[in-house]
Amino acid sequence: MNTKNKVVSSMLTLLVIFVLVISGPASAVNLTVSVPSPSAQESEDISFVVGVNLEQFEHVPLRNLTVVIENNDDTANYTCTFLPDGSALTTCTRFNITPLQAGSYNQNNHTGYGYDGNGFAFENFGYGYGYGYGSALGVTNMTFNVTWTTPTVADDTLYSIDFYATAEANGVEFTYYTQYDEMFAVLDVAIPLNTTTAPANNDTTIDIIDENLTSADIVIPQNVTRVKINASKLINTTNTTLNKVKLPMKINISANTTARPVKISIPANISISGNKSWNGVINLPEVRTIQASEVDDVEPGYAPTVGDVIEIGFDDVRLEFDKAVRLVFEGAGTTGQLIGYSQAGNFKKIRLTCTQDNQTWADTNLNASSSSSEDCRIVVGSDLVVWTKHFTKFVTFTETKIPTSSGGSSGGSSGGSSGGAASTSTSAGTVYRAGIAQVAANEMVSLFVRKDGIAISKLQFVTTKAQSNVNFEIEHLSGKPADIPAKSGAYAYLSIDSDADDINRATISFSVLKSWLSSNNFEKDEIYLYRLVNGKWVELNTAYKGTSGASETYEASSPGFSYFAIAGKAAPKTEVVIDDTEDVPDEAEETPDKPDTPTGNIIKDDETEIKQPEKKDSAGAFIIFLVILIIISGVAYMYFRKKE
């Protein structure tokens, strides 16, 4: 055989090997997604089936499966990660996973190779053990029914489905991936805003189309829920931090909710502002729930009883107005109801009384940027009327005086029932005592301390068992007690004592005067709460909460009670050394390799991150192999030619 034939033969042999490697076996893990309905209305349940097929002799150690549904412009992702038995690993909002056919986890002598059919890559999952899902006798199928509740949308929106299966063993991780290529639509149930609009179906969107309307009435029957106004066509997004809408017409809304009738009067030419996540949709009155422990802004010595909770606006996104809006809670004026609002878990009682019930007075005297004057309340006949410059979750409630155990009342509690409080000033400092008659297990109890001379303003705690007659003594000491060590940078020493059993966790709210920070050269974020543990000060997790008058406010978490110290801790100073000598480069420092992990972020509606796999590309492998093939061919040619 001459040299040329030998070279050609060698090249053909290598080419055959390369083709075999590239083709590889059939994919060991095949993922499937069934076809859902081509369209569904908002807030409707749709179902489809996802499946994992493991080929013969494959034993793949699947760790979890992930379904991702995202809209066509990638502005909203809904994600659910679950185990092969169908149980959720993440907060699978809007998802319900039901196993239809589950694979079995087993062990035998098979190698447990997994192969990615979409790329040139073998993954060895535990060679020689074969732990994983699969069967040596044939294909193993795992199928799951996925039910997803569609979100509310401002317009018809297309969505796609991605499905992932992640396997991992012996430090090797690999994610298999498939996508349902056809998109399905979530349809907006919409009707135009007219002079009189009466939605007859749940989840109805009322579109503002005719900007020439001067007045519009919306009447919502009791059996119709989740109605909203869509003003997205009027939205102005030029502001870098806010989205704004100006409504040209006056809108009167009458909602016969299951709690009580609610009326809303929105004046003409009002400007509404929300953050950049607001899409111009305004949810009309909807009944919600709230725990009594969340209504924590009550008068000292009183406990709240929640009445009605009515949400208006855009979930927890704050919407502010340049003109006042009038809300009427029919019949709430005769029952002694108070009112406040809850925004992102924070409750505020509306204490300001409207001296007049008209648009001019409310526009002039209310200020959306001031927490003390953004709303006011007034009783008109049998109705409770609120004028407000923002939309949120409004809560009606009553306050009941807590029987005092001693002295006068100067604090209050929520979450427990029937307690008492008293405060005294002694030579040792200012002491606040409180008693709570009943404390429920695993429920947050809030104890308010509104007493001058005590840096602590609120104490919250959770116990693991129900208890009766729980007593607290909170003391702001006049100085450091002789039997405890000093704490450098101390602002105040405190003592909290209680006969409560099995306290699971506690949160302490406190304040520090700005003048003290200034005179002691501390920044507002350099303040911490310390707890005395075994004769040593232990720093607690402390968060700065904001400014309140002449003080800065903080919140700290503690596993229990004892002596505490509020103290400043200056941030460490970084010394900068300037070297005038010429910089001679050394050998490049090695950067530690990061572990191989999937890249890309999938963001769920509850803001949790799931890692998305990096799709492998076989083109790179082909180029590398081609270069190697050319080099080998050249060497072979030179060798045989020289031999001749």
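The values are calculated or read from the model by the stated rules, or taken from the named source; none is laboratory data. As the structure is a computational prediction, the values presented were derived from the model and not from experiment. Because the Cβ atoms are built from the backbone with ideal geometry, glycine has one as well, and the counts that use them run over all protein chains shown. In case anyone asks, the SASA skips ligands and DNA or RNA and just uses the protein heavy atoms, side chains included. Shrake-Rupley method; radii C 1.70, N 1.55, O 1.52, S 1.80 Å.
Compared with the direct C-alpha span, the chain from D210 to E299 gains 27.3 nm at full extension, assuming 0.36 nm per residue.
Taking only protein heavy atoms and a 1.4 Å probe, what accessible area per residue, in Å², does region 273-416 have with all protein chains in place? List each step's numbers first, then the result.
Details: 5470 Å² over 144 residues.
For region 273-416, the per-residue accessible area is 38 Å².
Ordering of 286-295, 143-152 by packing is 143-152, 286-295, highest average first (other Cβ atoms within 10 Å, averaged per residue).
Each of the peptides 388-395, 183-190, 234-241 was scored by the mean count of other Cβ atoms within 10 Å over its residues; in descending order, highest first, they stand as 388-395, 183-190, 234-241.
Remark on G301: its backbone amide H falls under 5 Å from those of G411, G412, S413, a criterion applied only to residues 5 or more positions apart or on other chains, H modelled at 1.01 Å from N. Here the contact order of region 173-331, divided by its residue count and restricted to Cα pairs under 8 Å and six or more residues apart, works out to 19 percent.
Once backbone amide H atoms are built at 1.01 Å from N, R318 has N275 as its partners under 5 Å, excluding neighbours fewer than 5 places away on the same chain.
Local charge for I253 was computed over the other residues whose Cβ lies under 9 Å away, with Lys and Arg +1 and Asp and Glu -1, and equals 0. Working ranking of peptides 220-227, 529-536, 518-525 by packing, defined as the average number of other Cβ atoms within 10 Å per residue, highest first, is 220-227, 529-536, 518-525. Extending 7 Å from the Cα toward the beta-carbon at both V380 and V219 defines two label points whose distance is 2.0 nm. Estimated from the Cβ-Cβ distance and a Förster radius of 25 angstrom, the FRET efficiency linking N520 and S372 is about 0.25.
In region 455-561, carbon and sulfur make up what percent of the accessible area (probe 1.4 Å)?
Working: 2180 of 5230 Å².
The nonpolar share, carbon plus sulfur, comes to 42 percent.
Modelled spin labels at I631 and I503, positioned 7 Å past Cα toward Cβ, are 7.0 nm from each other.
Taking the protein heavy atoms of region 204-352 in the context of the full set of protein chains, the accessible area attributed to carbon and sulfur is 47 percent at 1.4 Å. Rolling a 1.4 Å probe across the protein heavy atoms gives region 422-553 an accessible surface of 48 Å² per residue.
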